[in-house]
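**Q** Quick one: the structure is below, questions incoming.
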Amino acid sequence: MGTNYQQWMEYESFWIGGYRKKLMRTTTHVTIPLVLGILTILFGLLGFVDQMKAEDAVMGALAGLLLGAMVCLPFYGLLRFGLRDSKYRRLIRQGVEAAGIPEEEREQLATEQLAARDNPKQRIFFEMKSLNSNNTPARFVLTPHYAMLVGGYPYAILVRLQDIAEIRGGEEKKLETRRGTQTRTTSLTTLYTIGYYRRDRADRSLGPDDLPDEAMGFFSQRVRDEALAMLAKQTGIVRTAEGGAYHGNV
């Protein structure tokens, strides 16, 4: 790959790096000390109540500390593995491959992505806020030939605009469930979407009522509408659900 492609990969690592550091700092400075402290105090109290002796309280506290370490060390290791730098580069590369962008075009893609870094008219920074999103940083980027959403699921969604015949906004209800140790929380969330419909749909026996070929999801209608407005201004192919031209309302 060319120089710009490598620089783009480095920028993607740098961009998500602040979130990774924040998550690790919260884990090492808050979560792990809290778990260790609670288990140490709890087992120390249980040991003291059982025999009413200081040495039993100390033994109980040590047992609680050991148990906490056995819980926290694997958790910390898994978290570090899940937040490794190479993972996010791989997810970006998977998005590029899923978009069908050939090798010879990827330098152009990278050049446009790097140019959009410093142009607020080409990007929207926001956070994915839902029951399970953990306020993950996200951004929508629109360049002359590509639209990209980073920070959602899948992590990187990339669309080659020259392949697209029509773009539509929509929304769907999504049932989210968060499971705790002894609790389960369920929430009905609205996901605001941008659907991309390729030019070759008829060749694949797909009609206008079938699912889009690619879709981006936002938990904020304001952010989705901003992205749609950017797409409408640049491409002129954004349509409403009724098939008319998009003028700011889905």
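**Q** Could you give the semi-axes, largest first, of the ellipsoid that matches the range 16-109, computed as the square roots of 5 times the alpha carbon gyration tensor eigenvalues and rounded to whole Å?
**A** Semi-axes from the Cα gyration tensor: 48, 11, 7 Å.
**Q** Then there's this: What figure, in Å² to the nearest 10, do you get for the accessible area of V30 with a 1.4 Å probe and non-protein molecules left out?
**A** Here the residue's solvent-accessible area equals roughly 80 Å².
**Q** What figure, in Å² to the nearest 10, do you get for the accessible area of R204 with a 1.4 Å probe and non-protein molecules left out?
**A** R204 exposes around 100 Å² with every protein chain in place.
**Q** Still on this structure, please answer the following. With contacts defined as alpha carbon pairs under 8 Å and 6 or more residues apart, what's the relative contact order of the range 13-151 in percent?
**A** The normalised contact order for the range 13-151 reaches 16 percent.
**Q** Continuing with the same structure: Starting from the Cα of K22, draw a straight line to each of the aspartates and glutamates and keep only those under 20 Å, dropping any in the same chain fewer than 8 residues away.
**A** Partners found: E10, E12, D85, E127.
**Q** Per residue, how much accessible area does the chain show when a 1.4 Å probe rolls over the protein heavy atoms, in square angstrom?
**A** 58
**Q** What residue among T27, T186, T240 shows peak mean-square fluctuation when the chain is described by a Gaussian network model with Cα springs under 10 Å?
**A** Comparing T27, T186, T240 in the GNM, the peak value goes to T186.
**Q** I've got another one for you. Under DSSP H, which helices of the chain have Cα atoms covering 18 Å or more of the helix axis and a Kyte-Doolittle average no less than -0.5?
**A** 32-51, 54-82
**Q** Taking the chain as a Gaussian network, Cα atoms linked when under 10 Å apart, which of E127, E105, E226 shows the biggest mean-square fluctuation?
**A** In this elastic network of the chain, the residue with the biggest mean-square fluctuation among E127, E105, E226 is E105.
**Q** Sticking with this structure for a sec: Using a cut-off of 15 Å between beta-carbons, work out the net charge of the residues near Y196 (Lys and Arg +1, Asp and Glu -1, Y196 not included).
**A** +2
**Q** Could you tell me whether the range 183-237 comes out rounded, prolate or oblate from its Cα gyration tensor? Rule is a ≥ b ≥ c as square roots of the eigenvalues, rounded for a/c under 1.5, then prolate if a/b exceeds b/c, otherwise oblate. Mind dumping the intermediate values first?
**A** On the way: a/c = 4.17, a/b = 1.43, b/c = 2.92.
Note, shape of the range 183-237 comes out oblate.
**Q** Also, I was wondering about something else. Roughly how many percent of the accessible protein surface of the range 1-117 is carbon and sulfur, given a 1.4 Å probe and a whole-percent answer? Mind showing how you got there, number by number?
**A** Details: 4730 of 7060 Å².
Carbon and sulfur together cover 67 percent of it.
**Q** Please give the calculated 222 nm ellipticity per residue for the chain, where each DSSP H segment of at least 4 residues contributes -39500 (n - 2.57) and the sum is spread over every residue; nearest 500 deg cm²/dmol?
**A** Mean residue ellipticity at 222 nm (helix-derived): -15500 deg cm²/dmol.
**Q** Same structure again: From largest accessible area down, sort S86, S13, S205, S220; use a 1.4 Å probe on the protein chains. Don't jump to the answer; show the numbers that get you there.
**A** On the way: S86 65, S13 10, S205 105, S220 40 Å².
Descending order: S205, S86, S220, S13.
**Q** Sort L34, L206 by heavy-atom solvent-accessible area, probe 1.4 angstrom, most to least.
**A** Details: L34 100, L206 60 Å².
The ordering from most to least exposed comes out as L34, L206.
**Q** I would also like to ask the following. What percent does the relative contact order of the range 66-219 come to when contacts are Cα pairs within less than 8 Å and at least six residues apart?
**A** Values: 205 pairs, mean separation 24.6, N = 154.
16 percent.
**Q** Suppose the Debye formula is applied to equal point scatterers at every Cα of the range 101-178; what is log10 I(q)/I(0) at q = 0.15 Å⁻¹?
**A** Scattering profile of the range 101-178, log10 relative to I(0): -0.64.
**Q** Give me, ordered by chain and number, the residues 5 or more places off A165 or on other chains with an amide H under 5 Å from its own placed amide H.
**A** Result for A165 returns Y197, R198, R199.
**Q** Per-residue accessible area for R123 at 1.4 Å probe radius, Å² rounded to 10?
**A** 50
**Q** Could you put H145, H29 in order of accessible surface area, largest first, with the 1.4 Å probe and the full protein assembly present? Intermediate values should be presented prior to the final figure.
**A** Working: H145 75, H29 135 Å².
I get H29, H145, largest accessible area first.
The values are calculated or read from the model by the stated rules, or taken from the named source; none is laboratory data. Since this is a predicted model, take the numbers as computed values, not measurements. Glycine gets a Cβ as well: all are built from the backbone with ideal geometry, and neighbour counts include every protein chain shown. Note: areas computed on protein heavy atoms with side chains; ligands, DNA, RNA excluded. Shrake-Rupley method; radii C 1.70, N 1.55, O 1.52, S 1.80 Å.
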